[in-house]
1. What are the pairs with Cβ atoms under 6 angstrom where one residue, in the range 91-110, is among the acidic types (Asp, Glu) and the other, located anywhere, is modelled with pLDDT under 85? Sequence gap at least six, or different chains.
2. Can you tell me which residue within the range 50-106, out of those that are in a loop (DSSP other than H, G, I, E, B) and of a type in the set (A, V, I, L, M, F, W, C), is modelled with the lowest pLDDT?
3. When Asp119 is evaluated against the numbered criteria (1) within 14 Å of Thr11 (Cα to Cα); (2) modelled with pLDDT under 95, which criterion, by number, is the only one it fails?
4. For the range 37-64, name all the residues that are of a type in the set (D, E, K, R) and surrounded by fewer than 18 Cβ atoms within 10 Å (Cβ to Cβ).
5. Answer yes or no: is there a residue in the range 37-48 that is within 27 Å of Lys99 (Cα to Cα), in contact with a helix residue (DSSP H, G or I) (Cβ under 7 Å, 6 or more places away or on another chain), at pLDDT 90 or above and part of a helix (DSSP H, G or I).
6. Between a first residue in the range 49-76 that is of a type outside the set (Ser, Thr, Tyr) and a second residue that is outside any helix (DSSP H, G or I), which pairs have beta carbons less than 6 Å apart while being 6 or more apart in sequence or on different chains?
7. If you take the residues of the range 16-47 that are touching a Pro at 6+ places or on another chain (Cβ under 9 Å) and not hydroxyl-bearing (Ser, Thr, Tyr), which of them is nearest to Leu93 (Cα to Cα)?
8. With the requirement that a residue be under 9 Å from Lys46 (Cα atoms) and either surrounded by 13 or more Cβ atoms within 10 Å (Cβ to Cβ) or charged (D, E, K, R) (or both), what does the range 16-36 give you?
Amino acid sequence: MHCASHPGLETLLWPQMLVWSVDAGAYLAGRSIGGPRLAPAISPKKTWAGFAGGLLAAALVGAFGARWLGLQGWWLLAAIGVALAVVEQAGDLAESAFKRRFGVKDSSNLIPGHGGVLDRVDGLLAVLVAVAGLMIVTKGGVRTWQ
């Protein structure tokens, strides 16, 4: 099954790949480079290097995603990826801030040691809301964003 015949599927899969890459890029860059903390009062382990690593990963997924979909405007999808990476990080930080505000370590016990289920999808939820807005504005899916 090729995604070209299922535009809704590619518009759903691309943001998921983007979020996974942002999380992985942020983790790898933050762990290997370290440096100053991004928001120590909210999420003490996040670093500016991790933030930059997430942005770079998102740009790469945007560019490779455009190539995979056969789109000409790879740079635009890379830029949208970077913007969505910022949204993803904001969603992650917002969920951490809510947990700190209400004095909860984990949002559930379903996934012990991982901050709960909400911690696994906080950035994805924020990105999917932004993608839905983008779809409304452009009147279409990822193929119409160029």
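1. Hits for this filter: Glu95/Leu118; Asp106/Gly115; Asp106/Gly116.
2. So in the range 50-106, the residues in a loop (DSSP other than H, G, I, E, B) come out as 70-73, 102-106.
Among the residues that remain, those that are also of a type in the set (A, V, I, L, M, F, W, C) are: 71, 102, 104.
Numbers: Leu71: 89, Phe102: 79, Val104: 71.
For the range 50-106, the residue satisfying everything is Val104.
3. (1)
4. The first filter runs over the range 37-64 and keeps only residues of a type in the set (D, E, K, R), leaving 37, 45-46.
Selection gives Arg37, Lys45.
5. No: the range 37-48 contains no residue that is within 27 Å of Lys99 (Cα to Cα), in contact with a helix residue (DSSP H, G or I) (Cβ under 7 Å, 6 or more places away or on another chain), at pLDDT 90 or above and part of a helix (DSSP H, G or I).
6. Ala49/Gly35; Phe51/Leu38; Leu71/Gln146; Gly73/Gln146; Leu76/Gln146
7. To start, the set of residues in the range 16-47 that are touching a Pro at 6+ places or on another chain (Cβ under 9 Å) comprises 37, 46-47.
Pick out the ones that are also not hydroxyl-bearing (Ser, Thr, Tyr) and you get 37, 46.
On the way: Arg37: 13, Lys46: 9 Å.
Selected residue: Lys46.
8. Hits for the range 16-36 are Ala26, Tyr27, Gly30.
The values are calculated or read from the model by the stated rules, or taken from the named source; none is laboratory data. From a predicted model like this one, the values you see are computed outputs, not experimental measurements. No Cβ is skipped: glycine too gets one built from the backbone with ideal geometry, and neighbour counts run over all protein chains shown.
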